[in-house]
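Working notes, structure below.
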Amino acid sequence: MNINLVLLASIGLVSYICFGNREMFHKLLFSPNTINREKQWYRFLSSAWVHADLTHLFFNLFVLYSFGNFLETVFQNWFGTTGSLYYLFLFIASTLIAHLPSYIKHKDNFNYSAVGASGGVSGVLFATILLQPLDPLYLFAIIPIPGIVFGVLYLVYSKYMANKSLDNIGHGAHIWGSLGGMAILIVFQPQVVVQFLEQLASIFI
C-alpha cells in the first residue's frame, strides 16, 4: 500500500469537507487552549487534515506529492515491506513535534489556533533535502535552486510569517516540523549525516 497516496487523499477529502462545515473545522483545528482545558489531544494530529483555504491545501498536497512518494520509496528500499510504516511514522511524528512549541507557548491563549499539514509536510521535505541537498528544487515552481538553499529560504520565510501572525496557518510548525523530520531520519539511518556532508564537500572538490 502506498501510504503517501492515502495521506494525500484523506487530507484532501477532510479539508474539502471542512470548507463547507465550519463546526467540523473548529473541532479538528489545533487549539492549545482547548487541548489544555478539555484534554482533546487528538487535535495535535487532526489539525493536519484541516486547511485555511484551497491555496493552502493545494500547496501542502503538492509538496507532499512531490517529495512523499520519493521518501516512502527510500524507506521501502531500506526497510522492505515495513518501509511505508517508517514513512508514516515520520509524517505523524513531525506533525506532533511541530505543534509542541506552540502548545507550550499558547496553552493559555484562547485566541490562538492553527491548521494545516505543514508540520508533517515540512518533515518530509527536509528529510528529502537531507538525503539530496544539492538536487534542484524550484522556487515559485520555476526557478531551480539547490535543495539546501531552498530549505534555508523556506525556514526564513516561515519565521517571518510566524512573527507577523497574519493568518491561522501554522507557520511556526514549518520550522519545528522540518527539524523533526531530519532528526527522525537520522535516528532511522545515522549514516545520512555523513552522506549529507560528503555531498556538500563535493562542491569544493
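The values are calculated or read from the model by the stated rules, or taken from the named source; none is laboratory data. Since this is a predicted model, take the numbers as computed values, not measurements. Here the Cβ is made from the backbone with ideal geometry for all residues, glycine too, and neighbour counts use every protein chain on show.
Annotations
- Count of residues meeting criterion [closer than 14 Å to Asn60 by Cβ and either surrounded by fewer than 13 Cβ atoms within 10 Å (Cβ to Cβ) or small (Gly, Ala, Ser) (or both)] in the stretch 116-156: 7
- So Thr82, is it among the polar types (S, T, N, Q), modelled with pLDDT of 95 or more and buried (at least 21 other Cβ atoms within 10 Å of the Cβ): no
- Any hit, the stretch 1-17, residues being exposed (fewer than 14 other Cβ atoms within 10 Å of the Cβ) and at pLDDT below 95: yes
- Close pairs (6 angstrom Cβ cut-off, 6 or more residues apart or separate chains): closer than 22 Å to Ser118 by Cβ in the stretch 72-92, surrounded by 15 or more Cβ atoms within 10 Å (Cβ to Cβ) and at pLDDT below 95 anywhere: none
- Just one of the listed residues (Leu71, Leu125, Leu134) is touching a Ser or Thr at 6+ places or on another chain (Cβ under 8 Å), modelled with pLDDT of 90 or more and outside any helix (DSSP H, G or I), and it is Leu134.
- For the stretch 22-44, residues that are loosely packed, with under 12 Cβ neighbours inside 10 Å and over 22 Å from the mean Cα position of the chain (by Cα) total 4.
- Residue check, Asn109 surrounded by fewer than 24 Cβ atoms within 10 Å (Cβ to Cβ), over 16 Å from His174 (Cβ atoms) and touching a Lys or Arg at 6+ places or on another chain (Cβ under 9 Å): no
- Check on Ile145, touching a residue at least 24 places away in the same chain (Cβ under 8 Å) and on the phi < 0 side of the Ramachandran plot: no
- Output for the stretch 157-205, where each listed residue is at pLDDT 95 or above, surrounded by 13 or more Cβ atoms within 10 Å (Cβ to Cβ) and not in a helix (DSSP H, G or I): Gln189
- Restricting attention to the stretch 32-52, the residues that are in contact with an Asp or Glu (Cβ under 9 Å, 6 or more places away or on another chain) and part of a loop (DSSP other than H, G, I, E, B) total 1.
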